[in-house]
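Accompanying notes for the structure given below.
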Amino acid sequence: MLLPKKIMVLDTETIGLEKRYAYDIGFIIAELKSGRYVEIDSEHYAVKQVYDNKMLFETAYYANKRPLYVQSLKAHKMKRKHIGRIFQRIKTQIKKHKIDFVFAYNSPFDKSVMRFNSDYFKKANPIKNWIDIQGIASHYIHKTRQYKDFANKHKKVTPKGYMRTNAECTYQAITGKTEFKEQHMGLQDCRIELDILNECIKLGYNKTKPLKKLFLTSELDNSFKITAKGKTYTFKYHSMKNTRNGLVLN
């Protein structure tokens, strides 16, 4: 299936990983124009049931961001609504723009958040079909030699040798803004996630199909061994090219 004309990109912030009460939900509507998605509308909400519960909200990892929310609410850049109203707005926008797929970075997390809050607050879940931007990026960005070089150079590697492929690291890699810090606010995160999706489209992603996240090591992909004078030497390389002067390893 070709890329749809319009999509929704959605991001949620929660008070924890076990009880995933959402306190921040943001989304953008984007339209495909000249081979890339362009934002045409956006909405950003603080979930009233959680945000207004000071004791509950302060258990959130990002509770120290409350001044940012106060500022955004006063400036009318976001609204404080009951979650049922937020779900209804999502449903309305999906219907209005004839959206078939909602994109999110690490969509299994956001999918579980929507399901948890739908069940807990007894409100109908407005989203049916999800596409994971991180899964797409795994195949079109994270597998590249350029990303491996970036991960090694900037120490974006776990103790077990796997590359860090979250939205912040990925955005740093594709923009060269290595000091960039993700705000972890719904709408702002949606915008960098859309940039990542557009980079994947630029690199060849051209069909709406779910791709699973890959767990990739920072090591070069291939290796060969040479034994000389009783010692074995291992050489690692990413790619091999046959030239008139012989094999060239990169």
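Bear in mind these aren't lab numbers, they're just calculated from the coordinates by the rules spelled out. Everything quoted here is computed from the prediction, not taken from an experiment. For neighbour counting, all protein chains shown are included, and Cβ atoms are generated from backbone atoms with ideal geometry for every residue, glycine included.
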Open item on the list: What three numbers, in Å, describe the spread of the alpha carbons of the stretch 1-48 along their principal axes, ordered from the longest?
Closed with: 40, 22, 11
TODO: Only one of the values (i) 73, 41, 32; (ii) 77, 41, 35; (iii) 56, 45, 32 was calculated from this structure for Cα extents along the principal axes in Å; name its label.
DONE: (i)
Open item on the list: Under 5 Å between amide hydrogens, which residues at least 5 positions from Phe103 or on another chain qualify, with H placed 1.01 Å from N in the peptide plane?
Closed with: Met8, Val9, Leu10, Ile131
Task: Environment charge at Ser138 (Cβ cut-off 12 Å; Lys +1, Arg +1, Asp -1, Glu -1) - done: +2
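By count of other Cβ within 10 Å, fewest leading, how are Thr14, Thr234, Thr178 ordered?
Values: Thr14 24, Thr234 8, Thr178 12.
Fewest-to-most Cβ neighbours within 10 Å comes out as Thr234, Thr178, Thr14.
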Open item on the list: If the only charges are +1 at each Lys and Arg Cβ and -1 at each Asp and Glu Cβ, what is the size of the charge dipole of the chain around the Cα centre, to the nearest 20 debye?
Closed with: 400
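Remind me, relative contact order of the stretch 151-220 in percent, using alpha carbon pairs under 8 angstrom and six or more residues apart? Each step should come with its number before you reach the end.
Values: 44 pairs, mean separation 27.8, N = 70.
Computed value for the stretch 151-220: 40 percent relative contact order.
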Task: Percent RCO, i.e. relative contact order, over the chain, from Cα pairs under 8 Å lying at least 6 residues apart - done: 21
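Report, in cubic angstrom per residue, the convex hull volume of the C-alpha atoms of the stretch 123-163. Walk me through the intermediate numbers first.
Numbers: hull volume 4.6 nm³, N = 41.
Taking the convex hull of the Cα positions in the stretch 123-163, it is 113 Å³ per residue.
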Task: P(r) histogram, all alpha-carbon pairs of the stretch 73-131 included - 10 Å bins from 0, percent - done: 21, 48, 30, 2
- [ ] Give me the distance between the Cα centres of the stretch 143-209 and the stretch 75-102, rounded to whole Å.
- [x] 27
- [ ] Work out, step by step, the length gained on full extension between Val157 and Arg145: first 0.36 nm times the residue separation, then minus their alpha carbon distance; give nm to one decimal.
- [x] 2.9 nm
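Given the Cα-Cα distance of Arg66 and Trp130 and 0.36 nm per residue of separation, how much length would full extension add, in nm? Can you show the working numbers first?
Details: separation 64, 0.36 × 64 = 23.04 nm, distance 2.94 nm.
Length gained between Arg66 and Trp130: 20.1 nm.
Please report Asp110, Asp119 as a ranked list, fewest other C-beta atoms within 10 angstrom at the top and most at the bottom.
On the way: Asp110 25, Asp119 10.
Placing the least packed residue first, the sequence is Asp119, Asp110.
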- [ ] Relative to the compact-globule scaling 2.2 N^0.38 Å, provide the ratio for the alpha-carbon radius of gyration of the stretch 72-174.
- [x] 1.38
